[in-house]
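*Asks:* Quick one: this structure, given as structure tokens, is what I'll be asking you about.
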Amino acid sequence: SQLSSVNIAALDELLGGGEERVGGVSLVDTLGDDRSQDPAGSVEAAETSFLLSRAIEQLGERERMVVVMYYYEGLTLAEIGRVLGVTESRISQMHTAAMLRLRGRLTAAGV
């Protein structure tokens, strides 16, 4: 009784018409592939990454160092403060200022 409600469909059967339709769409053409990358998403991610790297390059040297050490090297604010010879609260201020500048530049770029 459970199998009686199952529908079986051929993946290569054309949808919405007979076999004689040229350029028809089959069921297999409508199925998504979860393993494939979304082309639009890939382009958008690459563009965002490019714009972010350009915005980071425009930061001051110390702010750029804070961003790199925090996000790319995984250091804490206290560790960055020891490396740069300033307090953790000063690093926090620099980080906040850098994030505001980056957000402003990315917003202006339409990201």
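*Asks:* Looking only at the stretch 22-53, count how many residues are open to solvent by 100 Å² or more (accessible area, probe 1.4 Å) and touching a residue at least 24 places away in the same chain (Cβ under 8 Å).
*Replies:* Adding up the residues that qualify gives 1.
*Asks:* While we're looking at this one, here's another question. Please go through the stretch 72-94 and give me each residue that is under 26 Å from the mean Cα position of the chain (by Cα) and open to solvent by 30 Å² or more (accessible area, probe 1.4 Å), ordered by number.
*Replies:* Of the stretch 72-94, the ones under 26 Å from the mean Cα position of the chain (by Cα) are 72-77, 92, 94.
Of everything in the stretch 72-94, those that are under 26 Å from the mean Cα position of the chain (by Cα) and open to solvent by 30 Å² or more (accessible area, probe 1.4 Å) turn out to be Tyr72, Glu73, Gly74, Leu75, Thr76, Leu77, Ser92.
*Asks:* So, one more: Right, Met69: closer than 27 Å to Ala45 by Cβ and surrounded by 15 or more Cβ atoms within 10 Å (Cβ to Cβ) or not? Spell out the reasoning first.
*Replies:* Working: closer than 27 Å to Ala45 by Cβ: yes; surrounded by 15 or more Cβ atoms within 10 Å (Cβ to Cβ): yes.
Here the answer is yes, as Met69 does meet what is asked.
*Asks:* Hey, another quick one. In the stretch 98-111, what residues are surrounded by 15 or more Cβ atoms within 10 Å (Cβ to Cβ), of a type outside the set (D, E, K, R) and within 12 Å of Val67 (Cβ to Cβ)? Before the answer, list the steps.
*Replies:* Residues of the stretch 98-111 that are surrounded by 15 or more Cβ atoms within 10 Å (Cβ to Cβ), as a first pass: 98, 101-102, 105-106.
If we keep only those that are of a type outside the set (D, E, K, R) too, we end up with 98, 102, 106.
Passing the criteria: Ala98, Leu102.
The values are calculated or read from the model by the stated rules, or taken from the named source; none is laboratory data. Here the structure is a predicted model, which is why all the values come from computation and not from measurement. Positions of Cβ are generated from backbone atoms using ideal geometry, with glycine treated the same way; all protein chains shown enter the neighbour counts. All accessible areas refer to the heavy atoms of the entire protein, side chains included, with ligands and DNA or RNA removed. Shrake-Rupley method; radii C 1.70, N 1.55, O 1.52, S 1.80 Å.
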